[in-house]
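Following: one structure in structure tokens, then a few remarks.
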Protein chains: 2
Amino acid sequence: MNKKDSDSPRFDLIELFFFAYRDFTGDPDVLLDELGFGRAHHRVLHFVHRNPGIRVSDLLDILKITKQSLGRVLKQLVDDDFICQEPGALDRRQRLLYTTEKGTEFCARLSKLQSQRINKAISMMPDGSDEIVRQFLYLMIDENDRSEVARLITKQTD
Amino acid sequence: MNKKDSDSPRFDLIELFFFAYRDFTGDPDVLLDELGFGRAHHRVLHFVHRNPGIRVSDLLDILKITKQSLGRVLKQLVDDDFICQEPGALDRRQRLLYTTEKGTEFCARLSKLQSQRINKAISMMPDGSDEIVRQFLYLMIDENDRSEVARLITKQTD
DNA sequence: AAAATACGTCAGTCATGTTGACTTATTTCA
DNA sequence: TGAAATAAGTCAACATGACTGACGTATTTT
């Protein structure tokens with residue numbers, strides 16, 4: 001009865017997802033490269049910008065990488081004055097992370113590129129596509145992580 | 001006048017795309033790991049499976065990596081009997097690539113995981129979402145590459 | 001005072017990407 | 001037919017960003 005059961009191969013979407021994501025992340029790469037940064041720096045900068053005052057351990061949870069991996073890129077971002085650290089007011093063991101002015105400005109340039117690509121795509125599509133796309137991407141996330149991601153993405157930074 | 005101009009930040013979609021893609025590629029990782037393979041092997045195996053008899057140089061064009069990068073993973077896949085090579089009938093310099101039975105079977109297990117995730121997501125969405133999502137992902141690809149990708153994804157392997 | 005926590009760091013490894021140069025086999029073309 | 005171009009493989013060296021495991025230090029909790 002069902003034309004598509006849950007195992008039907010979706011090579012089209014699998015491949016589109018692959019190519020779309022590659023080009024989506026490709027835009028910032030150019031700018032990052034000029035500063036000697038990579039995608040790892042982009043991710044850290046982005047999530048610090050979006051979650052000002054985030055704790056290192058929470059950042060690790062979001063990125064799902066190890067402390068050692070984070071350490072290297074974070075150090076560079078701090079050394080190059082894109083991110084600054086402040087001891088927590090309540091718990092001074094914490095080193096709360098913030099983007100500096102320089103970091104915030106660079107971050108804006110990066111997300112502008114990605115937003116442009118997204119907005120350009122959406123603008124060529126029927127009304128309401130926006131919401132469909134958001135829903136799809138949300139449902140592609142592991143069920144356990146969805147609520148956490150929902151919490152994250154609804155923060156407003158601007 | 002425009003509520004959203006083309007520069008409006010789209011943090012929601014940027015982040016959703018990031019998390020969605022991570023989990024999407026995370027499924028196969030488990031299986032790949034058991035065989036000592038990584039994502040690079042997955043990509044090679046996938047595109048060889050989807051393009052039987054593909055030339056090495058065309059595979060390089062699709063993956064946009066260097067010959068040296070490909071060489072390593074391809075060698076492993078050939079050594080482990082997931083991919084086989086045959087000299088081209090017309091041009092014997094070519095080493096046309098095919099998945100072996102073992103490779104085809106493993107490839108099916110991998111894409112089944114990813115298809116399940118996709119189908120599960122789509123099944124929770126309004127009718128026609130399928131097409132909207134395909135369109136969105138397609139429009140996220142660099143304009144120059146779209147026709148080439150369109151050609152690729154319309155191949156039927158099954 | 002002891003245990004737990006937040007964070008940083010040292011040392012080593014691995015996967016996957018890069019560049020540049022070179023070889024071999026084969027095909028194309030002047 | 002002989003030279004040039006092409007398809008593919010390979011060597012060496014290197015960069016990035018992951019990983020593991022262990023250990024140190026400051027601070028908070030119990």
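Read-outs throughout are calculated quantities, based only on the coordinates presented, and are distinct from any laboratory measurement. Remember, it's a predicted structure, so these values are computed and weren't measured experimentally. As a convention, Cβ positions derive from the backbone with ideal geometry for all residues, glycine included, and neighbour counts pool all protein chains shown.
Taking Lys and Arg as +1 and Asp and Glu as -1, the other residues whose beta-carbon sits under 10 Å from that of B:F82 total -4. A Gaussian network model of chain B, with springs between Cα atoms under 10 Å, assigns the largest mean-square fluctuation among B:F19, B:F47, B:F37 to B:F19. The label-point distance for A:L60 and A:K102, in a model that sets each label 7 Å from Cα toward Cβ, rounds to 2.7 nm. For the range A:94-143, rounded, prolate or oblate, judged on the Cα gyration tensor with a ≥ b ≥ c (square roots of eigenvalues), a/c < 1.5 rounded, else prolate if a/b > b/c? The shape class here is oblate.
Annotation: for a label point projected 7 angstrom from Cα along Cα→Cβ of B:E86, residues of the range B:45-61 with backbone N closer than 16 Å are B:48-56. Annotation: amide H of B:Q94 within the under-5 Å range of B:G88, sequence separation 5 or more or interchain, hydrogens built in the peptide plane. For A:I83, nonlocal amide neighbours, meaning residues 5 or more places apart or on other chains whose placed amide H falls under 5 Å from its own, are A:V78, A:T100. Any of A:K64/B:K75; B:K75/B:K102; A:K112/A:K155; B:K67/B:K155 with alpha carbons more than 21 Å apart? Name them for me. Pairs exceeding the cut-off: A:K64/B:K75; B:K67/B:K155. Within the listed set A:L16, A:L113, A:L60, the residue fluctuating most in the Gaussian network model of chain A (springs between alpha-carbon atoms under 10 angstrom) is A:L16. Averaging the sequence gap over all C-alpha pairs within less than 8 Å and six or more residues apart, then dividing by the number of residues, gives the range B:54-150 a relative contact order of 18 percent.
Taking the Cα centre of the range B:1-103 as origin, work out the dipole magnitude from +1 charges on Lys and Arg Cβ and -1 charges on Asp and Glu Cβ, in debye rounded to 20. Please list the in-between numbers first.
On the way: 16 positive and 17 negative charges, 104 e Å.
Using Cβ point charges on Lys, Arg, Asp and Glu, the range B:1-103 gives about 500 debye.
Between A:L90, A:L63, A:L32, which gets the highest mean-square fluctuation from a Gaussian network model of chain A, Cα cutoff 10 Å? The residue with the greatest mean-square fluctuation here is A:L90. On full extension, the segment bounded by B:Q116 and B:R146 gains 8.3 nm, given 0.36 nm per residue less the C-alpha separation.
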